[in-house]
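Input: a single structure, listed below in structure tokens.
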Amino acid sequence: MRDMEKCAGAKVYTKVPDGGWGWAVAVAFFFVEALTYGVIKSFGVFFKDLKIYFEESNSRISWIISICVFVLTFSAPLATILSNRFGHRPVVMLGGFLISLGMMAASFARSIVEMYICIGVVSGLGYCLSFLPTVTILSQYFDKRRSLVTAIASTGECFAMFAFAPAITALNDQVGWRYSMLIVAALQLNIVVCGALLRPITIKSQDENKKLPKSENLENAYMLENEQTLTSLDSIDSGVVVSTSPKNIPINVKSDKKIQGGTEGQELVEKVSKNKTPPLLDFSVLRNSSFICYALFGLFATIGFFAPSLYIIPLSLSRGIDKDLSAYMLSAMAIAEVFGRIGAGWLLNKKPIRKVYIELVFVVILCVALIAFPFAYDFWGLMVCSVFFGCMLGTVAGTHLPLLAEEDIVGIEKMSSGVGVYVCFQSIAGLAGPPLAGLLVDWTHDYGSAFYSCALGMGLGALFLALVRPCRTVFCKKKPPVLCQQVQDMPDDFLEMDLSKGEVLNKSCQSLNGTVLPPAQ
């Protein structure tokens, strides 16, 4: 195993490094953010040109970004599976190639349907394969500094919006939207270089580095039945293997001497279980009620993530503001988002703090920022709204994915699967959000109405975010305290014991904490 890890270039640590090569990964994530979400959020500069060239409505033009965001989010489980199977590095490099290929092909498009396929499907898949594995591996390199480092690295999209909005606008005036897309495609090819920097990481405790027992002893471990360890292991002939992974064994439980007597057999079983191949995508997170609430928060909040940046320039133009000045709305929004991301990362890095509730405050204020846009009618009014919205968007956008690593939601062990399923939930809103806003604009003939739909979605997201902690608390109250010490679900391979063994477990648990488990059925 060690030889394979060295060949793959994996760094082996005995604990989370909180630095080291993680800083190179953070730099790579900065540029991946800039060339993925930075370009998506700057796509509004092409909006007017595409509408005139293809002679289409606001809603149909909005479908370009909608399909892109839908594919980006819906294919998140695929990105998780590929990353767990082949590693983060090759997946991100493949994603960078697809992004550049799709944008390059879009520059030659002759119909709106071709734009849907090139940018929506091809580039959208590339965005997913590039972004999600990068943010996942960055979270693995950091622990105490995770929120702050991720927030700072995620400012790449903000600086990209600040630079791309006026630059692409000027480029459009000089060479047209086709050549502008071709230049953007060339820039996005640099994601392949960023992917090459994602060196895999392996965390192994010092005990794991010791040699495992020989195969004969391992076979005997499966035959072991030890009441002192409170674990029943059936014969391997039954085709069932029982694992007592230490991450699911409660800590701070003071056991008596009788239970401690079988530690040698228990350690042997734990070493066997650590070598079990983890699933490529762990759907057990769907049994976590707090994760479901958090996923629904992401579903509705996504409605307000992309539509404002897409419609801020058309809103400015409809208010009679010059085209060049309108482009600076996106730039101001981007700079404010930088401060919002860094500020939120710094705040969430402080302890003790209940991070989910801090996130809830950010989301509520973001709703207020969205509602303010339709009431602004001049340049400075829209500029103030853009700065306010950008700052609050940064607090939410820069922290909602890293929060999945918190024990209130899924924890760091299941973060990779959690991110895949969570982002997949967002796909519905990513597909419906911009077209819904465009439909309202076509119906009311006012670009300000697009921001009302965003505020409504963000408000529903805030409601589900407020339920995350209560759901976790209720879940733990239903579980016996000995099984809920680390606020973790039961392992997938936990077997129900028969009546006689359940009685033994009952008596032992009663001696530990006075709690009696119901007999197994």
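The values are calculated or read from the model by the stated rules, or taken from the named source; none is laboratory data. What you see is a predicted model; the values in this text were computed from it and never measured. A quick note on method: Cβ atoms are made from the backbone with ideal geometry, for glycine too, and the neighbour counts reach across all protein chains shown. Accessible surface areas use protein heavy atoms only, side chains included; no ligands, DNA or RNA. Shrake-Rupley method; radii C 1.70, N 1.55, O 1.52, S 1.80 Å.
Among the criteria (1) more than 17 Å from residue 404 (Cα to Cα); (2) among the polar types (S, T, N, Q); (3) within 20 Å of the chain's Cα centre (by Cα), the one residue 331 does not fulfil is (3).
Contact annotation: residue pairs with Cβ atoms under 6 Å, 6 or more positions apart or on different chains, pairing a residue in the range 64-92 that is over 17 Å from residue 103 (Cα atoms) and of a type in the set (Ser, Thr, Tyr) with a partner that is in a helix (DSSP H, G or I) and open to solvent by 40 Å² or more (accessible area, probe 1.4 Å), are 75/125. Among the residues making up the range 337-361, those that are aromatic (Phe, Trp, Tyr) and farther than 30 Å from residue 317 by Cβ are 346, 357.
From the list 62, 123, 66, pick out the single residue that is more than 20 Å from the chain's Cα centre (by Cα), under 24 Å from residue 301 (Cβ atoms) and crowded, with 24+ Cβ neighbours inside 10 Å. Don't jump to the end; show me each part of the working.
Numbers: 123 fails: more than 20 Å from the chain's Cα centre (by Cα); 66 fails: more than 20 Å from the chain's Cα centre (by Cα).
Criteria check complete, one pass: 62.
Out of 412, 358, one residue alone is more than 30 Å from residue 78 (Cβ to Cβ) and surrounded by fewer than 24 Cβ atoms within 10 Å (Cβ to Cβ). It is 358. Given the criteria of a type outside the set (Lys, Arg), surrounded by fewer than 21 Cβ atoms within 10 Å (Cβ to Cβ) and closer than 20 Å to residue 290 by Cα, does residue 463 qualify? So residue 463 fits the description; yes. Does the range 372-389 contain at least one residue that is touching a Lys or Arg at 6+ places or on another chain (Cβ under 6 Å) and over 21 Å from residue 440 (Cα atoms)? The answer is no, given that none of the residues of the range 372-389 is touching a Lys or Arg at 6+ places or on another chain (Cβ under 6 Å) and over 21 Å from residue 440 (Cα atoms). Being part of a helix (DSSP H, G or I), in contact (Cβ under 8 Å) with a residue 60 or more places away in the chain, crowded, with 20+ Cβ neighbours inside 10 Å and of a type outside the set (S, T, N, Q) is the requirement here; does residue 158 meet it? When the stated conditions are applied, residue 158 passes them. The helices (runs of 4 or more DSSP H) found wholly in the range 25-130 and carrying at least 3 residues that are among the polar types (S, T, N, Q) occupy 58-74, 76-86.
Pull up the range 333-370, narrow it to residues that are assigned to a loop (DSSP other than H, G, I, E, B) and touching a residue at least 24 places away in the same chain (Cβ under 8 Å), then point me to the one that is farthest from residue 30 (Cα to Cα). Reasoning before the result, please.
Applying the first criterion (assigned to a loop (DSSP other than H, G, I, E, B)) to the range 333-370 yields 349-354.
Okay, now just the ones that are also touching a residue at least 24 places away in the same chain (Cβ under 8 Å), so 349, 354.
On the way: 349: 19, 354: 27 Å.
If we take residues in the range 333-370 being assigned to a loop (DSSP other than H, G, I, E, B) and touching a residue at least 24 places away in the same chain (Cβ under 8 Å), then 354 is farthest from residue 30 (Cα to Cα).
Taking every residue in the range 438-463 that is more than 13 Å from residue 304 (Cα to Cα) and pairing it with any residue that is outside any helix (DSSP H, G or I), at least 6 positions away or on another chain, the pairs with Cβ-Cβ distances below 7 Å are 441/447; 442/57.
Residues in the range 298-340 that are open to solvent by less than 30 Å² (accessible area, probe 1.4 Å) and under 14 Å from residue 378 (Cα atoms): 312, 313, 314, 315, 316, 321, 326, 329.
The rows are residues; the columns are (1) under 22 Å from residue 15 (Cβ atoms); (2) modelled with pLDDT of 85 or more; (3) of a type in the set (Val, Ile, Thr).
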site: 118; (1), (2), (3): no, yes, no
site: 138; (1), (2), (3): yes, yes, no
site: 144; (1), (2), (3): yes, no, no
site: 168; (1), (2), (3): no, yes, yes
